[in-house]
Structure formats: C-alpha cells, structure tokens
Amino acid sequence: MRIFTALTSSLLAVTLLGGCADQPQPNADAATLAAVSYRAPGPSTLTLFTMVNNRSGQGGHTSLMINASERVIFDPAGSFYADVVPEVDDVLFGITPGVEKAYRGGHARSTFHVVIQTVEVTPEQAEIAYQRARATGRVSGAFCAKSTASLLAGVPGFEQVNQTFYPVKLSDSFGALPGVVTKKYYESDSDDLQDGLARGNAALNG
C-alpha cells in the first residue's frame, strides 16, 4: 500500500503540471451533445495525445481522440475546457478542427510539447473505442495514462498496449504499433496552462 501511495503521489506531482488533474465539469445533456456532434471526414482513426515536459522528458498528461461515428476526445482527469465544447464525464464532444487546434494549443507551451500519434482503424474498432470511452466514467487525477491504456486494451488489435501509469511509456508502446504516424507540436508561449486554455477558449468564442 505504501509503494502504491508513493507511486500515485509522484505521478500526481508531474501530471498536475501537464494537464492531468481531477477537475470535473458538469455533464451536458443529450440535446447539447447532438447539436455539436462532428465527425472528421476520411477514415476512422485513433489519435493519442501525450503532453511531454520539454526539460525532463516526462509525460504530464495522456488523452485519446477517437474519430468514430462522431469525433470525441477521451480526456481522463483533463484540464481542458471551452464554452463551446460540452463534456460528459471525461469525454469532450464536438471536436471540430478548430477545437482540436485549441486543445493541442492549450497544452503546448514553453514547458511542454504535444506528441500526436495517429493510426487508421476500422469503423468497428473506432466505435468500440468510442463506446468504451463513454462507458469509462470520470477518472481520478494521475490515472490518465492507465485509464487510456485500459480503454485501448479492449479494442481488437490493441491488446498488447502497455498497461502503464506513465504517459511516455504508453506513447512508446502505442508508437510501436503498425501504421502509427507520429508528429510533435510545439508552442513557445506562457508556461501557464490555464492561460493557454483561456486563450483557446477566447479564440473559439470569437
């Protein structure tokens, strides 16, 4: 028990800085979700986001964008918010290109960059991931990587993904899968996460 408590404490110390925190938002109703529903054109995909500290190389947060019957972001214990982005538990809805840009831009700053790893999947795989994201419920702080890894392990073809608490280890495991395309996104603005999120929210409202 002491070992687990120490592990959780150390993870929480890192992830609170990277965007992984227990900040519940009110759940949106079905009508609100229907009004913003969006699916990106093209194939079904899974996109793993990993927020990485530019100095230490440690991961600060993990999330998963799922382009299934609609595009959502499973943002476990995430800090992201926007007035135009409704949420149910830890799933963000209405992920248009503008919202996706605000999401990665809010997390990327002088102290963190975002690793973006995308893989094309079948519609069936994407829908399983989508349903698992919706069924997960709220995730406690510091469990962002573990909950994402657990979600992925239930999708056929992703059973071998590392069941880890550490975002970078999950990113490495996901990146080793066939067909994954990896990109890195940097910004050099304020190191204040809340400032970045607020600017993204203002841009979406504009």
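Here are the numbers for the structure shown:
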read-out: Value in Å of the Kirkwood radius, where region 84-206 supplies the Cα pairs that are averaged; value: 15.8 Å
read-out: Distance histogram in 5 Å bins (all Cα pairs of the chain, percent per bin); value: 1, 8, 16, 22, 22, 17, 9, 3, 1, 0
read-out: Calculated [θ] (222 nm, deg cm²/dmol) that DSSP helices of n ≥ 4 give over the chain, each run adding -39,500 (n - 2.57); value: -12000 deg cm²/dmol
read-out: Alpha-carbon centroids, region 130-168 and region 84-110: separation in whole Å; value: 18 Å
read-out: The chain: relative contact order in percent, alpha carbon pairs under 8 Å with at least 6 residues between; value: 27 percent
read-out: 15 Å reach of a label modelled at LEU177, 7 Å along Cα-to-Cβ, counting backbone N of region 42-84; value: 44-50, 63-68, 74
read-out: Length added when fully stretched, LYS101-ARG55, from 0.36 nm per residue minus Cα-Cα; value: 14.2 nm
read-out: The chain, dipole about Cα centre (Lys/Arg Cβ +1, Asp/Glu Cβ -1), debye to the nearest 20; value: 420 debye
read-out: Distance between modelled label sites at GLN194 and GLN131, nm, 7 Å Cα→Cβ extension; value: 4.0 nm
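Values quoted throughout were computed directly from the atomic coordinates according to the rules given, and no laboratory measurement underlies them. It should be emphasised that the depicted structure is a prediction, and the values quoted were computed from it without experimental measurement. Note: ideal-geometry Cβ built from the backbone for every residue, glycine included; neighbour counts use all protein chains shown.
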